[in-house]
Structures are given as C-alpha cells and as structure tokens.
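> Structure incoming, see below.
The values are calculated or read from the model by the stated rules, or taken from the named source; none is laboratory data. These numbers were taken from a predicted model, which means no experiment stands behind them. Cβ placement follows ideal geometry from the backbone for every residue including glycine, while neighbour counts extend to all protein chains displayed. Calculation scope for accessible area: heavy atoms of the full protein, side chains included, ligands and nucleic acids excluded. Shrake-Rupley method; radii C 1.70, N 1.55, O 1.52, S 1.80 Å.
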Amino acid sequence: MLPWKRALRPLAALLLTAAVALVPATTAQAASAPSSGWNNYSCKPSTAHPRPVVLVHGTFGNSVDNWLGLAPYLVTRGYCVYSLDYGQLTGVPVFNGLGPIDKSAAQLSAFVDKVLAATGAAETDVVGHSQGGMMPRYYVKFLGGAAKVNALVGVAPSNHGTTLNGLTALLDFFPGAADLLSTATPALADQVVGSAFLTKLNAGGDTVPGVAYTVIATRYDEVVTPYQSQFLSGSGVHNVLLQDLCPLDLSEHVAIGLTDLIAFHEVANALDPAHATTTTCASIFG
C-alpha cells in the first residue's frame, strides 16, 4: 500500500467516527454520577403505570448521560425507570454503544429479564435514542423480545441507517476505510445505509405483531439522515415529526433526546396512550 493511502486509513476512520456520533457529547464525569430516582430496583410498578420503562442510550452514550433529562421526567410521573450500558469496547471507558449491534441486543435481553424479575411485571416498555431506538427492534424480532415488550419508542432512531447527508459515500474514496471502521467501531458500520445488519433487521417488514411502535423525529436531525428514514412502516406504528406538533421546535439529533420537553411529552403519550394529551409548543410547561 502506498504511504499516503496508509495514512488516510486512520484519518478516514477518525472523520467518520466523529461524523456518525449518534449521541450527545455530554461530560464524561456525568457517567460516574449516581442516577437520581431511576435504576431503583425496589420500585414496584403502579396500577396507573404497570410496566417498567427501560431506557436505551445511543452510540457513544451511557446509562446516565443520555437520560439526565428524560429519566427524571418519567420518574416524577410515577414510572419505574431503568437504564443500561451496552456495546462496550475493551479499553474504551464511558463511551458505549460501539460494539456489534446484535451483541448489544443480547445485552438488552438480559437487562430486560433482570428488570422484569425485580419488578414482577410481565412486560416492559422500551424507550431509546438514536441507535438505542433501533437496536431494540433486533431484540424484539430475533431474540424473543416481542413477548416482553409492550411498546417501543424510538427518539431519532437509526431504523434504516444514515447517509450522513452523503458523508458515508466518502468510504469509497478512502481505501480500507470501511474495513477499519467496521473493526474499530462495529456499531457505526452497522448503522450505515445498506449494511448487512440493517438488511437483516428490516427484511420482511419493519415491525413485529403485538408491539406498539412510536417514532419521534425532528426535521433538523443532522445525524440520522434523511430524517424520514427514521420512520417505520407496518401495523401498530405511530410516526411523529416534532415540527408538526410545534413548528417552533428547533431541536436537532442531540437535543431531541437530551432536553426537548416536547419530545418528552410525546414519549409519555406513547407510554400511556389511554391518557394521552395533545402535544403542542405549550407542552414545555407541563
């Protein structure tokens, strides 16, 4: 291999790793902070909210940083809330969701079993951001999760992969970059449009009977692009565009999962559709 081509390999991988980053770049210190009010294994679901909620972070995220907004929001509304770390790579602290997504789905399966055993519930509801909104579909479809998941809510999920506005096409111009990307961070490669993982996941339809699916997307998503690729097709699907609810909402990929109270309100509606209230710009106050 020519020297310049060898030099481009790590450069291309670095570029794409940064570009495909599917989670908030919050402080690493927050990952070691104790969660407040969630991951309480003595919590017993109420009659009003009979299913525990499992939160699934995105790529480069973790069980604390990704949920500093939504977890307390749900806890104060009476939910038993739990979050896991998955997709860890050896030697990479704090930043998770980087390993092969099928292996991450197996970690989710074990975690759901743990939550159900602790709470005594028969089913859970799952809410995920970015990769965390897509990965549970593998669990539901291939690992027996359909019997244990009532509702799956994806916030800016990478359901059909991302083109990153064409940036992934750069792989063709950097010899060896695709192989390096797959080896270093398999989850990123799995989320590129047309990957073998996504082809398997979406073959035969997006959904599994018996699970209620909600997708919450923003028009200003700059990571999972085009944003329409986040939406699902099939029975039991509710696709939501934030700007249809509040045209003033300017949240992009990070904010929709981390701080957007309008998105949080729509998550609450998906978890309890029988008592859903209309989501508007005013939902930031309630």
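> Any residue at all in segment 71-90 that's under 24 Å from Asn202 (Cα atoms) and at pLDDT 95 or above?
The initial filter retains those residues of segment 71-90 that are under 24 Å from Asn202 (Cα atoms), namely 86-87.
Among the residues that remain, those that are also at pLDDT 95 or above are: 86-87.
There is at least one residue in segment 71-90 that is under 24 Å from Asn202 (Cα atoms) and at pLDDT 95 or above.
> Pairs, please: C-beta under 9 Å, at least 6 apart or cross-chain, first residue on the phi > 0 side of the Ramachandran plot and in segment 131-149, second in a helix (DSSP H, G or I)?
Sorted first by the residue in segment 131-149, then by its partner, the pairs are Gly144/Ser109.
> Within segment 49-80, restricting attention to residues that are of a type in the set (Val, Ile, Thr) and open to solvent by 20 Å² or more (accessible area, probe 1.4 Å), which residue is nearest to the chain's Cα centre (by Cα)?
Our first condition is that a residue be of a type in the set (Val, Ile, Thr); within segment 49-80, this holds for 53-54, 56, 59, 64, 75-76.
Next, only the ones that are open to solvent by 20 Å² or more (accessible area, probe 1.4 Å) stay: 75-76.
Details: Val75: 19, Thr76: 22 Å.
Of everything passing the filter in segment 49-80, Val75 is nearest to the chain's Cα centre (by Cα).
> Taking segment 81-126 as the search range and keeping residues that are closer than 29 Å to Ser46 by Cβ, out of contact with any strand residue (DSSP E or B) (no Cβ under 7 Å at 6 or more places or on another chain) and part of a loop (DSSP other than H, G, I, E, B), which one is least open to solvent (accessible area, probe 1.4 Å)?
Tyr86
One line per residue, one yes/no per condition, for (1) open to solvent by 10 Å² or more (accessible area, probe 1.4 Å); (2) within 27 Å of Ser283 (Cα to Cα); (3) part of a strand (DSSP E or B):
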| residue | (1), (2), (3) |
| --- | --- |
| Ala151 | no, yes, yes |
| Pro175 | yes, no, no |
| Ala178 | yes, no, no |
| Thr183 | yes, no, no |
| Leu198 | no, no, no |
| Leu201 | no, no, no |
| Thr207 | yes, no, no |
| Gln228 | yes, yes, no |
| Ser235 | yes, no, no |
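> Right, next: In segment 272-285, is there at least one residue being open to solvent by 20 Å² or more (accessible area, probe 1.4 Å), aromatic (Phe, Trp, Tyr) and farther than 15 Å from Ser130 by Cβ? Show your work before the answer.
Step one: list which residues in segment 272-285 are open to solvent by 20 Å² or more (accessible area, probe 1.4 Å), which gives 272-278, 280-282, 284-285.
Pick out the ones that are also aromatic (Phe, Trp, Tyr) and you get 285.
Cutting the leftovers down to farther than 15 Å from Ser130 by Cβ gives us 285.
Checked segment 272-285: at least one residue is open to solvent by 20 Å² or more (accessible area, probe 1.4 Å), aromatic (Phe, Trp, Tyr) and farther than 15 Å from Ser130 by Cβ.
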